[in-house]
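Q: My questions will all concern the structure given below.
The values are calculated or read from the model by the stated rules, or taken from the named source; none is laboratory data. Treat the numbers as computed from the prediction; the structure is a model and nothing was measured. When we count neighbours, we look across all protein chains shown, and the Cβ atoms used for this are built from the backbone with ideal geometry, even at glycine. Just so you know, the surface numbers come from the protein's heavy atoms only, side chains and all, with ligands and any DNA or RNA stripped out. Shrake-Rupley method; radii C 1.70, N 1.55, O 1.52, S 1.80 Å.
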Amino acid sequence: MAARSLRRLGALLPAGGKAGTGRGSPCAFSTAAQQRSTGDECGPEDPSDEPKHSLSDCALEHKAIKLEEQVRDLTERYRKALADSENVRRRTQKFVEDAKLFGIQSFCRDLVEVADILEKTAESAAGQAEPSDPNPTLKKIYEGLSLIEAKLQSVFAKHGLQKMNPVGGRYDPYDHEIICHVPAEGMQPGTVALVTQDGYKLHGRTIRHALVGVAVEAQE
């Protein structure tokens, strides 16, 4: 058994030596080829790659400039849109405020006509209540009308409605309407000498012009 094993070992040793010796040369050539291939790959870069890098940098720079211009344009548009929206907001707010203040303008125009009637009635009652012939009933009517008129003017003032008092002031075409001219006796020409119908303003806006007579120089 031992002898048979030794013979097999002896037969294998020469064959292994020959195989190792015969295969050594291809391995050497293969290693040298790999070294040359590796050397070629690790050699200096191709000079023709440098223009490609330059063109790429120029393209990137041009693109960056273009993007900056777009950003500036969009920023300017945004600022204009913001300013426009702010103007629209302010106009809308002003419109709402005016609607709140002047929404009763038509109603006030009708109401001041009632105040005119009440004022003329009170003046008529005062003229008939003579001191020489006092009438208690007429006196009470006059006092009641005077109280109503005072209360009505108080309500007007509460809601921003005010009566004009133009007598002695300069004529203003935005507030007054001339119906006649009177001689300027002791008054400056161009001033309001008399009022035939009171004018009213609602929060500073004229809703009814005062009908006035303007003083002018007397002609000789």
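Q: Tell me, which residue of segment 181-204 that is closer than 10 Å to Val216 by Cα and part of a strand (DSSP E or B) is most open to solvent (accessible area, probe 1.4 Å)?
A: Looking at residues that are closer than 10 Å to Val216 by Cα and part of a strand (DSSP E or B), I get His181.
Condition check ((1) among the small types (Gly, Ala, Ser); (2) at positive phi; (3) touching a residue at least 40 places away in the same chain (Cβ under 8 Å)) across all residues:
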site	(1), (2), (3)
Phe156	no, no, yes
Leu161	no, no, yes
Met164	no, no, yes
Gly169	yes, no, no
His176	no, no, no
Gly186	yes, yes, no
Arg205	no, no, yes
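Q: Take segment 176-208 and flag every residue that is over 28 Å from Val155 (Cα atoms) and β-branched (Val, Ile, Thr).
A: Ile178, Ile179, Val182, Thr191
Q: Of everything in segment 165-177, what is open to solvent by less than 80 Å² (accessible area, probe 1.4 Å) and either within 18 Å of Leu101 (Cβ to Cβ) or touching a His at 6+ places or on another chain (Cβ under 8 Å) (or both)? Give them in sequence order.
A: Of everything in segment 165-177, those that are open to solvent by less than 80 Å² (accessible area, probe 1.4 Å) and either within 18 Å of Leu101 (Cβ to Cβ) or touching a His at 6+ places or on another chain (Cβ under 8 Å) (or both) turn out to be Pro166, Asp175, His176.
Q: Looking at Ile148, is it of a type in the set (A, V, I, L, M, F, W, C), open to solvent by 80 Å² or more (accessible area, probe 1.4 Å) and closer than 30 Å to Ala99 by Cα?
A: On the way: of a type in the set (A, V, I, L, M, F, W, C): yes; open to solvent by 80 Å² or more (accessible area, probe 1.4 Å): yes; closer than 30 Å to Ala99 by Cα: yes.
So Ile148 passes the test.
Every residue, every condition in (1) in a helix (DSSP H, G or I); (2) within 30 Å of Ile148 (Cα to Cα); (3) modelled with pLDDT of 90 or more, yes or no:
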residue	(1), (2), (3)
Gln34	yes, no, no
Pro47	no, no, no
His53	yes, no, no
Tyr78	yes, no, yes
Glu97	yes, no, no
Arg109	yes, yes, yes
